[in-house]
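The values are calculated or read from the model by the stated rules, or taken from the named source; none is laboratory data. As the structure is a computational prediction, the values presented were derived from the model and not from experiment. For neighbour counting, all protein chains shown are included, and Cβ atoms are generated from backbone atoms with ideal geometry for every residue, glycine included. Only protein heavy atoms, including side chains, enter the accessible area calculation; ligands, DNA and RNA are left aside. Shrake-Rupley method; radii C 1.70, N 1.55, O 1.52, S 1.80 Å.
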Amino acid sequence: FDCLYRLNLRKERMGRFDLTKFRYLTREELRVLQAVELGMRNHQLVPKALLAQIAKMKHGSLHKVVGQLIKARLLGFDNNKSRNGYRLSTLGYDYLALKTLASRDVVGSVGSKIGVGKESDIYIVASPEEDQYALKLHRLGRTSFRNIKNKRDYHRHRNSASWLYLSRLSAVKEFAFMSALAERGFPVPQPIDVNRHAVVMELLDSFPLCQVKEVADAPKLYSTLMGLIVQLAEFGLIHGDFNEFNLMVNEDGVVTVIDFPQMISIEHKNAEWYFDRDVECIKTFFSKRFAFEAEEWPKFSEVERKATVDIDVEASGYIKKLRAEFDSSMYEGEDDEDDFDQGEKEEQEVLDEVLDEEEKEEAKEEEEEKLDEEA
């Protein structure tokens, strides 16, 4: 964690994301943070006895470390009549993600917050080589869990979901979509790395379309955006939130699409509704902002599938089972491994939350056979 040696922080602008204590965390404190994280896989609050067992620390030493972490607002403690125990704070989760990203030499310094949404915060970061990136921290606990469950299809089969699980799964899904789309030439930020709820990606020299007051050629830009909606559908995907807030434009008018966790497959039962909504968002925005009334727009029934990216990245319409459930035990019986080697295993477990390989290949082969028949 000495990698984070240039913390260009402005507390009044960073809000709750304060990394002052980061570089001074002891090994014991990091161990306890991760122990609480693991305990929260099965418990909303982690009892002290369980925490001592997971962290493999004596109660006296644990009490001192926990007190320091609570003072630094990395842990919380709830005590009521029915139950009591410790919980990881949002800031504590940030520390765990940044610790891993720093150990990989991906993040070497953290700068100012450059964006905030209902479900994420975005910061400028730099590698030890001073390459600048954008760090997106998914915050799905910021809105109500009921609303999240209604909007986010990829965890609908779970009976329960914690903010840890939802935020981490959202980040992994976004990284998977960005990677697949970038490889296929779509105008998306270049993905760099992911850990827990944190995604590191290319820093765009652009601004949101919602901030653009006028354009030189509104019909051309409209055609470009509608073309992207159709092209995504041809590759098996629907963005699901294709609007002026998730479209970045640079000074040359080049468009970049952002925000991918809510993407779904064209095989999703509500695919046409989401497709039409994306189209309507662009039509409405161009009418209000640029006084451009479109005479033509794409229709879902006219889309012809050309690829199976939805299967490749496990878009929602194809997810039948998340194989590695958040509340399953992963580290029982492992005594000697380094704490953050275990953190790497946890991240790999999330990245492996996909269809069974046989089911995946079978679905892909069926779609390729359809394409061959149509050809």
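Below, the figures for the structure above:
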{"quantity": "Subset of region 58-87 [open to solvent by less than 30 Å² (accessible area, probe 1.4 Å) and in a loop (DSSP other than H, G, I, E, B)]", "calculated": "Ala72, Leu74"}
{"quantity": "Tally of residues being modelled with pLDDT of 90 or more and in contact with a Phe, Trp or Tyr (Cβ under 8 Å, 6 or more places away or on another chain) across region 137-164", "calculated": "1"}
{"quantity": "Evaluation of Thr90 against (1) within 20 Å of Arg168 (Cβ to Cβ); (2) open to solvent by less than 60 Å² (accessible area, probe 1.4 Å); (3) in contact with a strand residue (DSSP E or B) (Cβ under 6 Å, 6 or more places away or on another chain) (one fails), failing number", "calculated": "(3)"}
{"quantity": "Positions within region 183-224 being under 24 Å from Tyr123 (Cβ atoms) and open to solvent by 70 Å² or more (accessible area, probe 1.4 Å), in sequence order", "calculated": "Gln190, Glu202, Asp205, Phe207, Gln211"}
{"quantity": "Selected residue (only one of Leu91, Leu51 is farther than 17 Å from Phe22 by Cα, at pLDDT 90 or above and assigned to a helix (DSSP H, G or I))", "calculated": "Leu51"}
{"quantity": "Criterion violated by Arg289 - all others in (1) assigned to a helix (DSSP H, G or I); (2) open to solvent by less than 30 Å² (accessible area, probe 1.4 Å); (3) within 26 Å of Lys220 (Cα to Cα); (4) touching a residue at least 60 places away in the same chain (Cβ under 8 Å) satisfied", "calculated": "(2)"}
{"quantity": "Lys113 open to solvent by 10 Å² or more (accessible area, probe 1.4 Å), touching a residue at least 60 places away in the same chain (Cβ under 8 Å) and either within 28 Å of Ser206 (Cα to Cα) or not in a strand (DSSP E or B) (or both)", "calculated": "yes"}
{"quantity": "Residue match in region 120-132 (condition: touching a residue at least 40 places away in the same chain (Cβ under 8 Å), on the phi > 0 side of the Ramachandran plot and part of a loop (DSSP other than H, G, I, E, B))", "calculated": "no"}
{"quantity": "Any pair with Cβ under 7 angstrom, 6 or more apart, that starts in region 263-274 at a residue that is of a type in the set (A, V, I, L, M) and ends at one that is surrounded by 21 or more Cβ atoms within 10 Å (Cβ to Cβ) and part of a loop (DSSP other than H, G, I, E, B)", "calculated": "Met263/His239; Met263/Gly240; Met263/Ala315; Ile264/Gly240; Ile264/Ala315; Ile266/Gly236"}
